[in-house]
Amino acid sequence: MNILVTGSTGTIGSLVVRGLLAQGARVHALTRDPGKAAFPEGVLAVKGDMTDIASMRAALKNVDTLFLLNAVVADEVTQAIGTLALAREAGIQRIVYLSVLNSERFTDVPHFTGKYTVERMIEQLDLPVTVLRPSYFMQNDVMQKDGLLTQGRYGMPLGETGVAMVDVRDIAEIAVASLLRRARAKAPLPREVIEITGPEVLTGEALATIWSGVLGKPVTHAGNDLDAYEGMLANFMPSWSAHDIRLMLARFHTDGMLGKPHAADTLAGLLGHPLRRYRDLAEEWAKTWQPS
């Protein structure tokens with residue numbers, strides 16, 4: 001089992017690296033700068049960039065399994081399609097691709113429809129891939145820290161339809177299990193899609209209530225003004241990225257981001273434990289944010 005992990009220094013990728021290593025896999029971690037990357041002992045840091053074809057050919061040469069995770073960047077589709085093409089060229093027939101829930105429906109959200117374009121390639125060519133479609137990450141809310149502590153405000157304009165937020169640790173565990181299942185199989189496994197949602201549907205108001213209980217003080221929701229939120233985001237990220245997030249949130253307002261009936265039970269079976277709940281993560285954060 002020689003498994004190449006892209007996005008290896010990010011939130012999910014780093015968890016996947018550690019999870020695979022714990023299961024005895026030989027992990028190749030793709031990074032632009034191996035000298036700056038801090039991986040656990042036993043992980044092979046591989047220099048590569050998905051926009052640099054020569055480096056990706058070299059990175060894919062000595063592996064039989066690929067975890068493909070792309071950051072949300074302007075050339076995400078080019079990176080993903082190119083890497084899949086190179087994986088086919090290298091004869092890799094064991095792949096897990098990290099997409100997003102509702103990729104096929106939210107066609108007006110750039111990073112959603114971009115991931116679905118990659119899925120279309122996988123489907124059309126019938127590639128031996130597990131496509132993971134996770135919901136909105138609970139861990140995105142770490143950005144709410146200052147507002148929660150200093151203003152008693154939960155600021156994410158998620159809308160009132162509801163979002164089945166998921167803990168990234170659950171996503172990573174399912175990714176590791178999927179990679180190992182493919183890597184250990186005697187022959188390439190059929191293409192499959194796994195939707196990953198959280199155990200409860202949450203709104204901004206519901207999250208403010210959770211934080212009130214966790215912090216022991218009143219917390220209010222800042223509301224659902226997308227114009228104001230996009231303007232705030234544009235102060236510290238590229239305007240295309242702020243607009244992308246705004247378009248995603250607009251779909252949350254109209255459609256929500258919901259799992260299928262009984263999805264939590266199915267996912268708990270894959271994990272071997274119940275899905276992690278938002279309140280538990282909030283309590284973990286609060287202990288570090290407000291040490292006793």
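Structural remarks
- Condition check for Gly91: open to solvent by 10 Å² or more (accessible area, probe 1.4 Å) and at positive phi: yes
- Subset of region 208-227 that is among the charged types (D, E, K, R) and either in a loop (DSSP other than H, G, I, E, B) or farther than 19 Å from Tyr154 by Cβ (or both) - its residue that is most open to solvent (accessible area, probe 1.4 Å): Asp225
- Residue in region 154-170 that is closer than 27 Å to Leu281 by Cα, assigned to a strand (DSSP E or B) and under 18 Å from the mean Cα position of the chain (by Cα) present: yes
- Matching entry among Glu192, Glu230, Glu205 (being surrounded by fewer than 17 Cβ atoms within 10 Å (Cβ to Cβ) and farther than 23 Å from Trp285 by Cα): Glu192
- Remark: pairs (first residue in region 55-81, within 21 Å of Ser14 (Cα to Cα); second residue open to solvent by 50 Å² or more (accessible area, probe 1.4 Å); Cβ separation under 7 Å; 6+ apart in sequence or on different chains) = Ser55/Lys47; Leu60/Ala90; Thr65/Met1; Gln79/Thr51.
- Of all residues assigned to region 243-251, at least one qualifies as being under 19 Å from the mean Cα position of the chain (by Cα), open to solvent by 30 Å² or more (accessible area, probe 1.4 Å) and β-branched (Val, Ile, Thr).
- Residues located in region 130-148, provided they are open to solvent by 10 Å² or more (accessible area, probe 1.4 Å) and either of a type in the set (Phe, Trp, Tyr) or outside any helix (DSSP H, G or I) (or both): Arg133, Tyr136, Phe137
The values are calculated or read from the model by the stated rules, or taken from the named source; none is laboratory data. The structure displayed is predicted, hence computed values, not measured ones. Glycine gets a Cβ as well: all are built from the backbone with ideal geometry, and neighbour counts include every protein chain shown. Keep in mind that these areas ignore ligands, DNA and RNA; they rest on the heavy atoms of the full protein, side chains included. Shrake-Rupley method; radii C 1.70, N 1.55, O 1.52, S 1.80 Å.
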